[in-house]
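Enquirer: Handing you this structure, nothing more for now.
The values are calculated or read from the model by the stated rules, or taken from the named source; none is laboratory data. Just so we're clear, the structure is a prediction, and the values are computed from it rather than from any experiment. Every residue, glycine as well, gets a Cβ built from its backbone with ideal geometry; the counts of neighbours run over all protein chains shown. Note: accessible area is taken over every heavy atom of the protein model, side chains too, but ligands, DNA and RNA are not part of it. Shrake-Rupley method; radii C 1.70, N 1.55, O 1.52, S 1.80 Å.
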Amino acid sequence: MKDYANEFKGKRVLITGGSRGIGAAAAQRLIDGGASVVVTARSRHEETPAEATFITGDLRSKEGAEAVANEAINILGGLDILIHSAGAARVQLTSMDQIPEAEWLDSLDINFLAGLRITHAVLPALRESVLSSIVYVSAGGLTPFGGPLSHYGAAKAALNNYAKNLAKELAPAGIRVNVVTPGPIITPGGDEVRNTITSAMGITDEQFFAGVPLQGRGGRSEELAEPIAFLVSDRASYITGHNHFVTGGWGELA
Ligand SMILES: NC(=O)c1ccc[n+]([C@@H]2O[C@H](COP(=O)([O-])OP(=O)(O)OC[C@H]3O[C@@H](n4cnc5c(N)ncnc54)[C@H](OP(=O)(O)O)[C@@H]3O)[C@@H](O)[C@H]2O)c1
């Protein structure tokens, strides 16, 4: 019988944005399954799993991403799994044409190009592994967010498209690529976005979450970590190229 408790034993994993929120929960889930995990972000956080190796890095440049990839691969002695959760949504309470050019560029940098850069830097290592896989934590796969987050949505849409192409390109090599799209998840980053929106709209958290079909509640990071763990596990060995919605029905059942 398969030992699911230790299904990640021997797996070498890099998790971007693994210092907190969804990335940290995914790191803890894989560590609990026996994986060796390196997490990276610009700074450590109190949520950063103690059993993960933390490396400092900024993915907003090719050099930054390559430095992270090289250090992680050195520490782990190779790489089997990349989970890219780093991202940032800065709400702009204005119309799209008033969002400064610098914000569009910064959003593209962290929400799209960071994923591309870290992927390209680790691909040679992933190609050497057996049954390797990638999961991107994205957003906005269903409906546009609207003006205040349009720059974020456009960058994540680019990431979704990139991931789909990559899945096709890497499929013959047996490397699986999937995307997970979260609904409103209670994390430091998610809370910041929600607080800005609820303050601007003059509504409570309860009113905000009322739009989520599943019990009108926000999701927990662990509820994202579980499907991410499934997708990078050998249990998902025939799944590639999909965007998986983990949203409590938000946007999907509307
Ligand atoms: N929470 C939600 O409701 C929600 C919904 C849809 C999609 N998402 C997506 O899910 C992912 C995780 O979100 P979260 O809610 O867990 O966010 P979070 O709590 O803000 O965590 C984001 C992580 O990304 C890292 N990061 C940000 N900028 C970085 C940079 N330039 N270089 C390296 N690392 C960087 C952060 O660490 P540092 O700041 O220290 O670098 C942190 O570890 C993001 O891609 C987000 O867009 C979240």
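Enquirer: How big is the accessible area of residue 192 in square angstrom, nearest 10, if you roll a 1.4 angstrom probe over the protein chains?
Expert: Approximately 120 Å² for this residue.
Enquirer: Taking the Cα centre of the chain as origin, work out the dipole magnitude from +1 charges on Lys and Arg Cβ and -1 charges on Asp and Glu Cβ, in debye rounded to 20.
Expert: 520
Enquirer: Would you mind working out the magnitude of the charge dipole of region 71-135 relative to its Cα centre, with +1 at each Lys and Arg C-beta and -1 at each Asp and Glu C-beta, to the nearest 20 Debye?
Expert: Charge dipole of region 71-135: 220 debye, to the nearest 20.
Enquirer: I'd like the FRET efficiency for residue 206 and residue 98, computed as 1/(1 + (r/R0)^6) with the beta carbon distance as r and R0 of 41 Å, rounded to 0.05.
Expert: So the FRET efficiency works out to roughly 0.85.
Enquirer: Using the basic label-point model (7 angstrom from Cα toward the beta carbon), what is the residue 46 to residue 70 distance in nanometres?
Expert: Simple spin-label model gives 3.6 nm for this pair.
Enquirer: Decide, for the chain, between rounded, prolate and oblate: order the square roots of the alpha carbon gyration tensor eigenvalues as a ≥ b ≥ c, take rounded if a/c falls under 1.5, and otherwise choose prolate if a/b is larger than b/c, else oblate.
Expert: prolate
Enquirer: Sticking with this one: To the nearest Å, what is the center-to-center distance of region 191-210 and region 160-176, using C-alpha atoms only?
Expert: Computed from Cα coordinates, the inter-centre distance equals 36 Å.
Enquirer: With every protein chain left in place and a probe of 1.4 Å, what is the accessible surface of residue 143, to the nearest 10 Å²?
Expert: The accessible area comes out at roughly 80 Å².
Enquirer: What figure in square angstrom, to the nearest 10, would you give for the accessible area of residue 220 with a 1.4 Å probe?
Expert: Its accessible surface works out to 120 Å², give or take rounding.
Enquirer: Here is a follow-up. How tilted is helix 221-232 with respect to the longest principal axis of the chain? Cα atoms for both, answer in degrees (0 to 90, nearest 10).
Expert: For 221-232 against the chain, the angle is about 40 degrees.
Enquirer: In deg cm²/dmol and to the nearest 500, what is the mean residue ellipticity at 222 nm of the chain if only DSSP H runs of at least 4 residues count, each as -39500 (n - 2.57), divided by the residue total? Mind showing how you got there, number by number?
Expert: On the way: 8 runs with 102 residues, N = 254.
Helix-only estimate at 222 nm: -12500 deg cm²/dmol.
Enquirer: Here is a further query. For region 230-251 and region 71-128, compute the distance between their C-alpha centroids and round to whole Å.
Expert: 20
Enquirer: Measure nothing but the geometry: give the 0 to 90° angle between the long axis through the Cα atoms of 188-201 and the longest principal axis through the Cα atoms of the chain, rounded to 10°.
Expert: It works out to around 10 degrees.
Enquirer: Counting only protein chains, not ligands or nucleic acids, how are 245, 208 ordered by accessible area (probe 1.4 Å), most first?
Expert: 245, 208
Enquirer: When DSSP beta bridges are limited to those with both residues in the chain, what percentage is antiparallel, rounded to the nearest 5?
Expert: Within the chain, antiparallel bridges account for around 0 percent of the total.
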